There are 2 protein chains.
Amino acid sequence: MSNTTHPDTSRSSDESAHAEVTVPRSPELEVEQEAALRLWVILSRAHAAIASHAHADVARSGLTLAEFAILEVLYHRGPMLLGEVQRRILVSSGGITFLVDRLTAKGLVERRNCDKDRRARYAALTPPGEALVAELFPAHADAITQAMRGLAADDQQVVAEMLRSLGLHAAAKPLP
Amino acid sequence: MSNTTHPDTSRSSDESAHAEVTVPRSPELEVEQEAALRLWVILSRAHAAIASHAHADVARSGLTLAEFAILEVLYHRGPMLLGEVQRRILVSSGGITFLVDRLTAKGLVERRNCDKDRRARYAALTPPGEALVAELFPAHADAITQAMRGLAADDQQVVAEMLRSLGLHAAAKPLP
DNA sequence: ATTACATTTCTCAGTAGTGAGATAAGCGAG
DNA sequence: CTCGCTTATCTCACTACTGAGAAATGTAAT
């Protein structure tokens, strides 16, 4: 089964074990919080559900989602600085080193020095890496598409647009 | 920084390293796939961005998101069979045992036998666990609410409704 | 009752990462 | 030039899980 972690905050009407409100606050805030918490649960579930399909698909080739994401971004955008890849696929700094190491060990990716900046290094697909992505990508795109069929394509665009705002705002906001 | 794993599939116009299309397919499918892949990226990013705020908030009390999710669901719904908690917070079967063990070690949760089914066990908050959730929840709800401010509350409801369809469909679909 | 199967939790070896700090290089002001 | 700050990658000890399978119990059909 698919698996991700998220809170459950659906207080369905009065069946909650703790209905008493200790601090009465503004009704607007209450409504806003309810919407936000509900969306958080649903967002987590939707992400988990889709991710499990994506994961199951890439796992067939012995890759993790993070590995596949790297291969894919290098395939579609060409060689890229490690830091750039890191920001794109959202792993930690240690993570990108680790993942590129592993992909290098598999012969799918290689590091290249950067002439302009001797601290920096490029990640680039090797020919076998390129061949692998070319082979895997169509089926993967199809798996994602199938998994997304719960929503019509035009609704998908609406959701995407809204989630983009949401994500940008949250990413921009400094962590507490 | 926040961190999650997801593919990057944004082929912005023609700067892609691989623009040649090998197999010409139906334009509808092409459009559908583009929408689906784009949504997958954006969904992943939005989830990661919000999750990092949620994570930073609960981490202040030395809890993981999964632990907090368990405490919260037990707080709001009362004692619950382990399997039920597992399905709600979406962890593996091993995960729920492990997490409840850890919360038990922290004195926040206890197991109770089930009279009707001797295989099954309840998870329930201890008084300290209940007190902790009562103390943490308001600030946590606030953190989530703040993180979600990229979208107006009514838009949040629209997105939530759509994501619910998406998630239910994907969760129902058997994995390949 | 017996057999076969399903469900619930637990076990545990394994893994995919994280994150804090180290190292090295570039960058700008004085 | 050189001091202080920033940026890019790497190191490594650590962790929060996963997932496959075991054990125990329930359930149903013959």
Problem - Alpha-carbon Rg with Dmax, taken over the range A:123-174, Å - result: 16.2, 40
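Rounded to the nearest 0.05, what FRET efficiency do A:D101 and B:S92 give with R0 = 25 Å and r taken as the Cβ-Cβ distance? Could you check?
Values: r = 27 Å, r/R0 = 1.07.
Here the calculated transfer efficiency is 0.40.
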Problem - Carbon and sulfur %, accessible surface of the protein assembly as shown computed with the full protein complex present, 1.4 Å - result: 54
Handout entry: Separation in nanometres of the label points that stand 7 Å from Cα toward Cβ, at A:A134 and A:C114
Key = 2.8
Exercise for the section: Just need log10 I(q)/I(0) for chain B at q = 0.10 Å⁻¹, Debye formula, equal scatterers on the alpha-carbon atoms, no solvent, rounded to two decimals. Expected result: -0.56
Fill in the blank from the handout: So the FRET efficiency between B:L81 and B:L29, C-beta based with R0 = 30 Å and rounded to 0.05, is 0.10
Exercise for the section: Report, ordered by chain and residue number, the lysines lying within cross-link reach of B:K116, taken as a straight Cα distance under 20 Å and ignoring same-chain residues fewer than 8 apart. Expected result: none
Handout entry: Per residue value of the accessible surface for the protein assembly as shown (all protein chains in place, 1.4 Å probe), Å²
Key = 48
Exercise for the section: Place a +1 charge on the Cβ of each Lys and Arg in the protein assembly as shown and a -1 charge on the Cβ of each Asp and Glu, then give the dipole magnitude about the Cα centre in debye, rounded to the nearest 20. Expected result: 1180
Practice task
Let me see the pair-distance distribution of the protein assembly as shown: every alpha carbon pair, 10 Å bin width, integer percents in order.
Solution key: 5, 23, 30, 24, 12, 4, 0, 0
Handout entry: Chain pair A, B: total accessible area buried, heavy atoms, 1.4 Å probe, Å²
Key = 8300
Exercise for the section: Filter the trypsin sites (Lys or Arg not before Pro) in the range B:51-139 to those in DSSP coil with at most 13 other Cβ atoms within 10 Å of their Cβ, and list the result. Expected result: B:R60, B:K116, B:R118, B:R119
Fill in the blank from the handout: About its Cα centre, chain B carries a charge dipole, from +1 on Lys and Arg Cβ atoms and -1 on Asp and Glu Cβ atoms, whose size in debye to the nearest 20 is 960
Completion exercise
Note on the range B:43-176: contact order normalised by length, alpha-carbon pairs under 8 Å, 6 or more apart, percent, works out to 24
Completion exercise
Measuring from the longest principal axis of the C-alpha atoms of chain B, the long axis of helix B:93-105 (C-alpha) lies at a number of degrees, nearest 10, equal to 40
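The values are calculated or read from the model by the stated rules, or taken from the named source; none is laboratory data. From a predicted model like this one, the values you see are computed outputs, not experimental measurements. Note that each Cβ is placed from the backbone with ideal geometry, even for glycine, and that neighbours are counted across all protein chains shown. Accessible surface is based on the protein model in full, side chains and every heavy atom, while ligands, DNA and RNA are left aside. Shrake-Rupley method; radii C 1.70, N 1.55, O 1.52, S 1.80 Å.
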